[in-house]
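The values are calculated or read from the model by the stated rules, or taken from the named source; none is laboratory data. What you see is a predicted model, and the numbers here were worked out from it, not measured in a lab. In this analysis, Cβ positions are derived from the backbone assuming ideal geometry, glycine residues included, and neighbour counts consider all displayed protein chains.
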């Protein structure tokens, strides 16, 4: 059998380095892959090794991001210069609009099938605010061979609430749910702890950027209700400061300890020293830190309707809340304090890159079989 040739179109890989796990896994499975990463001329590379298979291409000016057709037509010309785009079996677009548009136009020219993933930015920025792009978005989905969602929550939101019914019906049978994967480090270093009931003391943890979207002040409001109940609370925050105003507000709280940025080995012990992980993000494509926390035995509280929602039933590894509902957050913290949530070692197996790549391999194979056999009955994964 000939080796499959996959062209990944992934502008997000420029800053989201976790994608390298998928690409390395695909190389081990003897796929021939190329990864195209279009970035602006102002992009600062911090010397990350993207892999010999990847091409970081400085192909547009930063201000051109404001004009979708102008920017993306420049990217389209650039990708055709960088690769022989007719020499691939499948295009894998890692976002609906920015990357999906390129795959859609390449498909028009070369008739090579593509799959497209739907991210937080696609839903909450492009589709929500850029109304003039919606018809284009519908065409991208209609012509895709598969549409990938990070979670069932995102799939329901797009199919039931965002898309016109006729478009949703067209793409329904080609939708799949595949999460982002977690670094093997967390799978190899899983830790099971006995989360005994906690009556008067609790250690709460957050890991991630300090910004408006992560909604840390809602967690503070819930903590202040716990303090009124006489509960002793320690709130540890790890991560990069992106919003100095929010950082200063949080730092003024006596119960907050800010540790700055930490590496994986340092985080391992920090996770194990705490009792609950809380991240009530306003929007979140997935939230790999939830999986990291679960791998270390911590129950988690996450945002309903966002990327992590739907992977576990309520109470299995924690609870979902509406992101601004600090009273609901307070109640779920109390719930976790009083009831032991036992995290099983297999809870995060579905987030291993090996398992995730197997799903993508199945998709690629299915698409190629469909290309050569139009009567082939396709299997719908993740439903």
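So here's what we get for this one:
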quantity	calculated
Residue 327, sole failed condition from (1) in contact with a helix residue (DSSP H, G or I) (Cβ under 9 Å, 6 or more places away or on another chain); (2) modelled with pLDDT of 95 or more; (3) outside the structural domain of residue 215 (by TED's automatic domain parsing)	(3)
Any hit, segment 271-287, residues being under 27 Å from residue 258 (Cβ atoms), surrounded by fewer than 18 Cβ atoms within 10 Å (Cβ to Cβ) and over 21 Å from the mean Cα position of the chain (by Cα)	yes
Qualifying residues in segment 28-48 (those that are out of contact with any helix residue (DSSP H, G or I) (no Cβ under 8 Å at 6 or more places or on another chain) and either modelled with pLDDT of 95 or more or not assigned by TED's automatic domain parsing to the domain that holds residue 97 (or both)) - the one farthest from residue 93 (Cα to Cα)	32
Residues that are outside the structural domain of residue 28 (by TED's automatic domain parsing) and farther than 16 Å from residue 188 by Cα, drawn from segment 340-365	340, 341, 342
Residues of segment 84-128 that turn out to be modelled with pLDDT under 95 and either out of contact with any helix residue (DSSP H, G or I) (no Cβ under 9 Å at 6 or more places or on another chain) or assigned by TED's automatic domain parsing to the domain that holds residue 309 (or both), as a count	2
Output for segment 226-258, where each listed residue is within 28 Å of residue 188 (Cα to Cα) and exposed (fewer than 14 other Cβ atoms within 10 Å of the Cβ)	240
Filter pass, residue 151 being surrounded by 15 or more Cβ atoms within 10 Å (Cβ to Cβ), in contact with a strand residue (DSSP E or B) (Cβ under 7 Å, 6 or more places away or on another chain), assigned by TED's automatic domain parsing to the domain that holds residue 90 and farther than 23 Å from residue 320 by Cα	no
Scan of segment 251-264 for residues that are touching a helix residue (DSSP H, G or I) at 6+ places or on another chain (Cβ under 9 Å) and at pLDDT below 95, ordered by number	264
Number of positions in segment 359-383 that are within 30 Å of residue 319 (Cβ to Cβ) and modelled with pLDDT of 90 or more	1
Selected residue (only one of 163, 159, 136, 198 is under 19 Å from the mean Cα position of the chain (by Cα) and farther than 24 Å from residue 361 by Cα)	159
Among (1) exposed (fewer than 14 other Cβ atoms within 10 Å of the Cβ); (2) modelled with pLDDT under 95, the one test that residue 312 misses	(1)
Those residues of segment 246-282 which are part of a loop (DSSP other than H, G, I, E, B) and over 23 Å from residue 299 (Cβ atoms), in sequence order	252, 254, 260, 261, 263
Residues that are in contact with a strand residue (DSSP E or B) (Cβ under 7 Å, 6 or more places away or on another chain), within 20 Å of residue 178 (Cβ to Cβ) and not in a strand (DSSP E or B), drawn from segment 296-323	308, 309, 317
One residue from 81, 111, 139 being on the phi > 0 side of the Ramachandran plot, out of contact with any strand residue (DSSP E or B) (no Cβ under 6 Å at 6 or more places or on another chain) and surrounded by fewer than 21 Cβ atoms within 10 Å (Cβ to Cβ)	111
Test result for residue 268, surrounded by 14 or more Cβ atoms within 10 Å (Cβ to Cβ) and closer than 26 Å to residue 351 by Cβ	yes
